[in-house]
Each structure stands twice: as C-alpha cells, then as structure tokens.
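Since every read-out is calculated from the coordinates, none of them should be taken as a lab result. Nothing here was measured: the structure is a model prediction, and the numbers come from that model. Glycine gets a Cβ as well: all are built from the backbone with ideal geometry, and neighbour counts include every protein chain shown.
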Amino acid sequence: MKTTKEDCKFMGEAIRLANESVRHGGGPFGAVIVKDGKIIAGSSNSVTIDNDPTAHAEVNAIREACRKLGTFDLTGCRIYTSCEPCPMCLGAIYWSHIERIYYGNTRKDARDIDFADDFIYEELDKSLDERTVPIIPMMRDEALETFRLWREKTDKIEY
Ligand SMILES: [Zn+2]
C-alpha cells in the first residue's frame, strides 16, 4: 500500500514524540492516532515514568483518543507508530477497531536494541505447553457460568 506526503507528516510526528520520549526518560516509541486527516491523539512510551508495563505509545494513544472522543470504538481512525506494534498493542489496535497501521521501525529493529517484541511474537507461535511463562487451565466450568450470564443478558453493550 502506498504512503502519501500526509502519511509522512503523521509518521514524522510519531517519530518526533519517540525522540522527545528518549530525551525525557521514556521508552523510544511514539504514536499518533488520526481521524478525518487530523491528529486526535499523540503519545509516547511511559512505562518507566508511570511504572506501568502496559503504557506503550500505542496503548497510551488509544486511551487518549478514546477519552477525547468519548468512545471505546476508534472505527475510522488510523495509527502511525514509530515502531511495528508489539502483540499487546496490536491486540489493543484490533480491539479498538482502528482501521490501518503505519509503522517505522520493525520488531527486528526493536530486538536489536533489546526489546522483547519479537520474542513475544515467537511465543505466540508456540503451543501452550512450550511457552516460557506457564499457562495453566483450571475451573473452566465455574468460569463458563459468567459467559452464560453474559449470553443471557439482554441489555449488554457489545464491543
Ligand atoms: Zn506495545
């Protein structure tokens, strides 16, 4: 898919936020979310600043965009991120219904400066019993009761 001059402007802003983050003690990542040709949210990685391992640039930008728009649904939005999203951020992007992702650095570039993005992608390809972090099924019947309640709830907000 071709990128435009406008795309370069938005990615330039994501990279600018990433550079600024490095200078101010955050991780080397930035992201902006765009709707109707306008930046509605721009953020950088604040894991070490906020003591929050989920505070990646993309997640921070999604939270900001949703807060500003007053919705959990970012249909019609695009994200420009200075690095290919990690599996957590990719999941958050899918959950938010963002429609297109542009990225700068690759996950291999991130691995080369000791970030785990690529390692976590490799974990996803393994079967559950081969993963580094043990993942153990239990009490499924009791847990399924919640899903039964959800299925039968008539006034739920689906997402
Ligand atoms: Zn991430």
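Below is a table of values for the structure above.
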| read-out | value |
| --- | --- |
| Angle in degrees between helix 5-23 and the longest Cα principal axis of the chain, rounded to the nearest 10 | 80 degrees |
| Dipole in debye (nearest 20) - segment 73-156, about Cα centre, beta carbon charges: Lys, Arg +1; Asp, Glu -1 | 340 debye |
| Equivalent ellipsoid semi-axes, segment 1-90, via Cα gyration tensor eigenvalues times 5, rooted, Å | 20, 16, 11 |
| Charge dipole of the chain about the Cα centre (unit charges at C-beta), most positive-ward option of G25, T81, S127 | T81 |
| Descending semi-axes in whole angstrom, ellipsoid equivalent of the chain, from the Cα gyration tensor | 30, 22, 14 |
| GNM result for the chain, Cα springs below 10 Å: residue of E122, E64, E130 fluctuating most strongly | E130 |
| Size of electric dipole in the chain: Cβ of Lys, Arg +1 and of Asp, Glu -1, about Cα centre, debye, nearest 20 | 700 debye |
| Listed peptides 30-40, 68-78 by packing density, highest first (mean Cβ within 10 Å) | 30-40, 68-78 |
| Likely footprinting exposure, W95, W150, fewest C-beta neighbours within 10 Å first | W150, W95 |
| Whole-angstrom gap from segment 19-71 to segment 83-159, using each part's C-alpha centre | 19 Å |
| Anchor K156: aspartates and glutamates whose Cα lies under 17 Å away (excluding residues fewer than 8 positions away in-chain) | D73, E145 |
| Reachable lysines from K2, criterion Cα separation under 27 angstrom, eight or more residues apart if same chain | K35, K38, K108 |
| Folded to 0 to 90 degrees: helix 87-96 orientation relative to the chain principal axis, Cα | 80 degrees |
